[in-house]
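All remarks here apply to the structure that follows.
The values are calculated or read from the model by the stated rules, or taken from the named source; none is laboratory data. Small disclaimer: the values here were computed from a predicted structure and weren't measured. So basically every Cβ, Gly included, is an ideal-geometry build from the backbone, and we count neighbours across all protein chains shown.
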Amino acid sequence: MGDRITVEEHAEHVAALLAPLRDRGAAETVPLLDARGRTTADAIRSAIDLPPFRNSQMDGFAVRAAEVAAAPVALPIVGEVAAAPGEPPALEPGTATRIMTGAPIPPGADAVVPVEDTTVDGDSVTIRRAREVGEYVREAGSDLAAGAELLGAGVLLESRQLAALAASGLTEVAVLSRVRVAVVSTGSELVAPGQPLGAGEIPDSNGIALQAAVAAAGAVVVSAARVRDDAEELRARFDAAIDAGAELMLTSGGVSMGDHEVVRDLLEPLGAWVGAVAMQPGGPQATATYRGLPVICFPGNPVSSQLSFALFVAPVLREIAGLPVARREERAVAASVTSIVGRRQYLRGRRMPDGAVEVVGGPGSHLVAALATADVLVIVPEAVAALAAGDLVEVLEL
Ligand SMILES: Nc1nc2c(c(=O)[nH]1)N[C@H]1C(S)=C(S)[C@@H](COP(=O)(O)OP(=O)(O)OC[C@H]3O[C@@H](n4cnc5c(N)ncnc54)[C@H](O)[C@@H]3O)O[C@H]1N2
Ligand code: MOO
């Protein structure tokens, strides 16, 4: 392991390795309910007017505005139109038609008087308030005309965009395809979460964290596994992941200085970069290509591995998926903290109602439970040895 490289140098290195994933240009068509959180691949035009027909905005009476201008005016009630299939008959001059919200406006009517402004007496209605032409009438295409752009390309689909697609009669949408990722947890001590723990064993929490984080970054996990500290087992797992369609491999563990560093053992002879980044947690890192595909290797400690994904891989995957990048902001630290000069320290923090940020847990990279109570990373620059309560720090939203 040579000199430590900077966080920015490592980020650039990872981004360069992942650059080929940006040019996939691939799209896939998915049902609307599978499209939430995905990004449109193309601009989409509505084939129909929104709303599709002229309809009432109120429960009330469809009238000719000119006939009620001198309100109060009594008109005979002729017929009723509900929000239901079918075309209403034309409004006879000198009459009013009962109408419900969303019901088609009868031909000839040009205004709706809400029921609150009327008095009904048998078959007659007294319109107590005049209305302008067009009042409470929702014109066809007044939201969006047929043929107009409903959504642009690169739009993140949330429930409101899906509603607009459904309203225009679509059942599916072309979205950017997701980067296919393999997650490999290395370590002979690892067992599946929930398995009884033998002596020296721990649950594989990095596997869960990384799979969930990959999905949150808009990519998809196509292969997830644990391997023991055995380079051939890791090789077989990479080969299986490639068979499963993986375009990117992420590993945790096995990159530091011990005697059983499986990631180093397999990848260093293949030309991997294995080194150290001037940060804590997350110092030991590695990058490689395996059979032409990028492999990004995170240190095994749970905080280190989650943090490394968030800093180096998530921004690239999110950009590819069209998702917004994590927010950074400045906050005052609630209490004094110390740091290691020469390392960028990523402390775990929680934003407080008064706007300050409190550091939770210690700096240790094994503190998986404390990380779960954090909502930001508190970034202490390399040159800073200590911060006093009230000092401003940059925080990165988790
Ligand atoms: N002599 C040195 N020792 C270590 C150094 C160093 O520079 N010199 N760096 C330390 C730092 S910092 C880190 S971080 C770790 C990184 O080591 P590895 O990437 O080789 O990770 P492992 O040794 O495999 O595991 C470290 C730690 O994390 C636990 N772990 C691993 N995988 C998982 C998982 N999937 N889920 C939950 N926990 C996991 C593992 O049991 C270890 O406790 O090296 C230090 N040592
Ligand atoms: O850098 Mo290690 O990730 O501190 O624990």
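If you go through segment 47-63 and keep only what is assigned to a loop (DSSP other than H, G, I, E, B) and either in contact with a Pro (Cβ under 8 Å, 6 or more places away or on another chain) or modelled with pLDDT under 95 (or both), you end up with Ala47, Phe53, Arg54, Met58, Asp59.
Give the residue, chosen from Gly390, Gly362, that is within 16 Å of Glu330 (Cβ to Cβ), more than 25 Å from the chain's Cα centre (by Cα) and surrounded by fewer than 19 Cβ atoms within 10 Å (Cβ to Cβ). Please lay out each step first, then the result.
Numbers: Gly362 fails: within 16 Å of Glu330 (Cβ to Cβ).
Of the residues listed, the single one that is within 16 Å of Glu330 (Cβ to Cβ), more than 25 Å from the chain's Cα centre (by Cα) and surrounded by fewer than 19 Cβ atoms within 10 Å (Cβ to Cβ) is Gly390.
Within segment 188-205, track down each residue that is more than 25 Å from the chain's Cα centre (by Cα), of a type outside the set (A, V, I, L, M) and surrounded by 14 or more Cβ atoms within 10 Å (Cβ to Cβ).
In the first step, residues of segment 188-205 are kept if they are more than 25 Å from the chain's Cα centre (by Cα); the result is 188-204.
Checking the rest, the ones that are also of a type outside the set (A, V, I, L, M) come to 188-189, 193-196, 198, 200-201, 203-204.
Residues satisfying the conditions are Ser188, Glu189, Glu201, Pro203, Asp204.
Per the conditions (1) in contact (Cβ under 8 Å) with a residue 40 or more places away in the chain; (2) near ligand 1 (Cβ under 10 Å from one of its atoms); (3) in a strand (DSSP E or B), the sole criterion not satisfied by Ser305 is (3). Taking the listed residues Leu317, Leu323, Leu371, the one that is within 16 Å of ligand 1 (Cβ to nearest atom), within 25 Å of the chain's Cα centre (by Cα), outside any strand (DSSP E or B) and in contact (Cβ under 8 Å) with a residue 60 or more places away in the chain is Leu371, with no other qualifying.
Here the condition is being surrounded by fewer than 18 Cβ atoms within 10 Å (Cβ to Cβ), within 15 Å of ligand 1 (Cβ to nearest atom), not in a helix (DSSP H, G or I) and not hydroxyl-bearing (Ser, Thr, Tyr); of Gly245, Gly258, it holds for Gly258 alone. Scanning segment 190-205 for residues that are within 16 Å of ligand 2 (Cβ to nearest atom) and touching a strand residue (DSSP E or B) at 6+ places or on another chain (Cβ under 6 Å) turns up nothing. Restricting segment 11-33 to residues that are surrounded by 15 or more Cβ atoms within 10 Å (Cβ to Cβ) and not in a strand (DSSP E or B), the residue that is nearest to the chain's Cα centre (by Cα) is Leu32. Residues of segment 290-302 that are more than 9 Å from ligand 2 (Cβ to nearest atom) and either in a strand (DSSP E or B) or of a type in the set (A, V, I, L, M) (or both): Tyr290, Leu293, Pro294, Val295, Ile296, Cys297. Out of (1) modelled with pLDDT of 95 or more; (2) in contact with a Ser or Thr (Cβ under 8 Å, 6 or more places away or on another chain); (3) not in a helix (DSSP H, G or I), what's the single condition that is false for Thr287? Going through the list (1) modelled with pLDDT of 95 or more; (2) in contact with a Ser or Thr (Cβ under 8 Å, 6 or more places away or on another chain); (3) not in a helix (DSSP H, G or I), Thr287 breaks only (2). If you go through segment 157-187 and pick out every residue that is under 30 Å from Ser223 (Cβ atoms) and either crowded, with 16+ Cβ neighbours inside 10 Å or in contact with a Lys or Arg (Cβ under 6 Å, 6 or more places away or on another chain) (or both), you end up with 17. The residue that is modelled with the lowest pLDDT, among those in segment 258-275 that are within 15 Å of ligand 2 (Cβ to nearest atom) and closer than 22 Å to Gly207 by Cα, is Gly258.
Of Ala90, Ala66, which residue is outside the structural domain of Ala153 (by TED's automatic domain parsing) and under 49 Å from the mean Cα position of the chain (by Cα)? Before you say what the answer is, go through the steps one by one.
On the way: Ala66 fails: under 49 Å from the mean Cα position of the chain (by Cα).
Exactly one of Ala90, Ala66 is outside the structural domain of Ala153 (by TED's automatic domain parsing) and under 49 Å from the mean Cα position of the chain (by Cα), namely Ala90.
Checking Arg291, Arg264 one by one, the residue that is surrounded by fewer than 23 Cβ atoms within 10 Å (Cβ to Cβ) and within 9 Å of ligand 1 (Cβ to nearest atom) is Arg264 and no other. What do you reckon, is Arg237 in a helix (DSSP H, G or I), more than 16 Å from Asn301 (Cα to Cα) and either touching a residue at least 24 places away in the same chain (Cβ under 8 Å) or away from ligand 1 (no atom under 14 Å from the Cβ) (or both)? So Arg237 passes the test.
Taking segment 165-187 as the range and being near ligand 1 (Cβ under 9 Å from one of its atoms) and either of a type outside the set (Ser, Thr, Tyr) or modelled with pLDDT under 95 (or both) as the test, only Gly187 passes.
Screening Ala96, Ala66, Ala103, Ala111 for residues that are surrounded by fewer than 15 Cβ atoms within 10 Å (Cβ to Cβ) and at pLDDT 95 or above leaves exactly one candidate, Ala66.
If you go through segment 267-287 and keep only what is surrounded by 22 or more Cβ atoms within 10 Å (Cβ to Cβ) and more than 9 Å from ligand 1 (Cβ to nearest atom), you end up with Leu267, Val277, Met279. Residue by residue through segment 37-95, note down the ones that are among the aliphatic types (A, V, I, L, M) and under 30 Å from Val220 (Cα atoms). Ala41, Ala43, Ile44, listed by residue number.
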